[in-house]
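The values are calculated or read from the model by the stated rules, or taken from the named source; none is laboratory data. Predicted model, so just to flag it, every value in this text is computed and none were measured. Ideal geometry is used to build each Cβ from the backbone, glycine not excepted, and the neighbour counts take in all protein chains shown. Areas reflect the complete protein model, heavy atoms only, side chains present, ligands, DNA and RNA absent. Shrake-Rupley method; radii C 1.70, N 1.55, O 1.52, S 1.80 Å.
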Amino acid sequence: VLPADLRELAPMKVESLDGTQVEALRKGDLVAAFGQQFAGLYLKQPLTLPTGAMELVHRVQEINPTGGRYGIGSITAEADIHPEDWFLTCHFSDDMVMPGTLMYECCLHTLRLYLLRMGWVAEAADVVYQPILGVRSRLKCRGQVLATTKLVTYEVSIKELGYAPEPYAIVDSLMYADGKPIVEINDMSVRMTGVNREYF
């Protein structure tokens, strides 16, 4: 589902982002991350991706504006896993695995990255990401991220975009551990509370 008045703020194409570009995005450098079409936005501190312990996306394999299960957009990203990662060492003392809530967060960060590339960019002081009330997400876990896992991959398929009046997205997500599908999330949702269509 796409609204009839959806504006293409930053024309998209099939592309990838390396680690340097993702790191630039964390620092708020949209031009270094996405290119010159993001120049001149006059944002002091755009809300992008979390830093520090919550750096859960390291690279983007593909952004595809016509990809995914529904043909209206998809993103595939990945992160490296190390045995000493905090979410492994402090979750269970005798059974180190990534918490399920963090798996959800990984896919949510990947979705946020897609929305930022679309041009849904706002001042950090003006907006917060929140779930859409009344939209029930369902997470099914069939595997784990362990200390022996080397790479996790996140696939997000855009299912619905719109304004109500906040910009919002509903997606389906899959997460893989070393190529094995381990988590499926249906109807993951996010809305940008504090801004509306006219903000952009």
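At 222 nm, what helix-only mean residue ellipticity would the chain give, in deg cm²/dmol to the nearest 500, using -39500 (n - 2.57) for each DSSP H run of four or more?
Values: 4 runs with 36 residues, N = 200.
Only helices count here, giving -5000 deg cm²/dmol.
Given the Cα-Cα distance of GLU55 and ASP94 and 0.36 nm per residue of separation, how much length would full extension add, in nm? Can you show the working numbers first?
Numbers: separation 39, 0.36 × 39 = 14.04 nm, distance 2.44 nm.
Between GLU55 and ASP94, full extension yields 11.6 nm more.
Once the dipole of the chain is set up with Lys and Arg at +1 and Asp and Glu at -1 on Cβ about the Cα centre, which of THR51, ALA169, PRO3 lies farthest towards its positive end?
Working it through, the farthest residue towards the positive pole turns out to be PRO3.
Taking the Cβ of GLY119 as the centre, find all other residues whose Cβ is under 11 Å away and add up their charges (Lys, Arg: +1; Asp, Glu: -1).
Numbers: positive: ARG7, ARG117; negative: GLU8.
Result for the local shell: +1.
Can you give me the angle between helix 100-118 and the longest principal axis of the chain, using Cα atoms only, in degrees from 0 to 90, rounded to the nearest 10?
The two axes meet at around 30 degrees.
Heavy atoms of the protein only, probe of 1.4 Å, neighbouring chains included. What is the accessible area of LEU47 in Å², nearest 10?
Rounded to the nearest 10, that gives 40 Å².
If I ignore ligands, DNA and RNA and count only protein heavy atoms, how much of ARG59 is accessible to a 1.4 Å probe, in Å² to the nearest 10?
Counting only protein heavy atoms, the figure is 60 Å².
Could you order HIS109, HIS58, HIS82 so the one with the most accessible surface comes first? Probe is 1.4 Å.
Working: HIS109 0, HIS58 50, HIS82 80 Å².
Descending order: HIS82, HIS58, HIS109.
Where is the GNM fluctuation largest for the chain (alpha-carbon springs, 10 angstrom cutoff): MET118, MET103, MET188?
Maximum fluctuation in the GNM of the chain, among the listed residues, is at MET118.
In terms of modelled amide H atoms, which long-range or inter-chain residues lie less than 5 Å from the amide H of GLU15?
Residues meeting the criterion, in which the H sits 1.01 Å from N, are ILE63.
Around LEU9, under 11 Å between beta carbons, what's the net of Lys plus Arg minus Asp minus Glu among the other residues? Kindly include the intermediate steps, with their values, before the conclusion.
Working: positive: ARG7, ARG117, ARG197; negative: GLU8.
Combined, the nearby Lys, Arg, Asp and Glu give +2.
Quick query: amide H of LYS159 versus all other amide H atoms, modeled in the peptide plane; which residues come in under 5 Å with a sequence gap of 5 or more or a different chain?
ILE170, VAL171, ASP172
Ordering CYS90, CYS106, CYS141 by accessible area with a probe of 1.4 Å, largest first, what comes out? Walk me through the intermediate numbers first.
Working: CYS90 90, CYS106 0, CYS141 60 Å².
Accessible-area ranking of CYS90, CYS106, CYS141, largest first: CYS90, CYS141, CYS106.
So how strong a dipole does region 73-200 carry about its Cα centre when Lys and Arg Cβ are +1 and Asp and Glu Cβ are -1, to the nearest 20 debye? Mind showing how you got there, number by number?
Working: 11 positive and 17 negative charges, 86 e Å.
In total the dipole reaches around 420 debye.
Once you have a ≥ b ≥ c as the square roots of the Cα gyration tensor eigenvalues for region 127-200, tell me rounded if a/c is under 1.5, and otherwise prolate or oblate according to whether a/b is larger than b/c.
On the way: a/c = 2.97, a/b = 2.41, b/c = 1.23.
Prolate shape, in that a/c is at least 1.5 and a/b is the bigger ratio.
Let me confirm the definition first: pairs of Lys residues in the chain, 8 or more apart or on different chains, C-alpha distance under 30 Å. How many are there?
14
Please identify, among THR110, THR148, THR48, the residue showing maximal mean-square fluctuation in a Gaussian network model of the chain using a 10 angstrom Cα cutoff.
In the Gaussian network model the winner is THR148.
Can you run phi through the Karplus equation (6.51, -1.76, 1.60; θ = phi - 60°) for region 169-182 and list ³J(HN,Hα) in whole Hz, with x for Gly and Pro?
Those phi angles translate into 9, 10, 9, 10, 9, 10, 10, 10, 10, 6, x, 9, x, 10 Hz.
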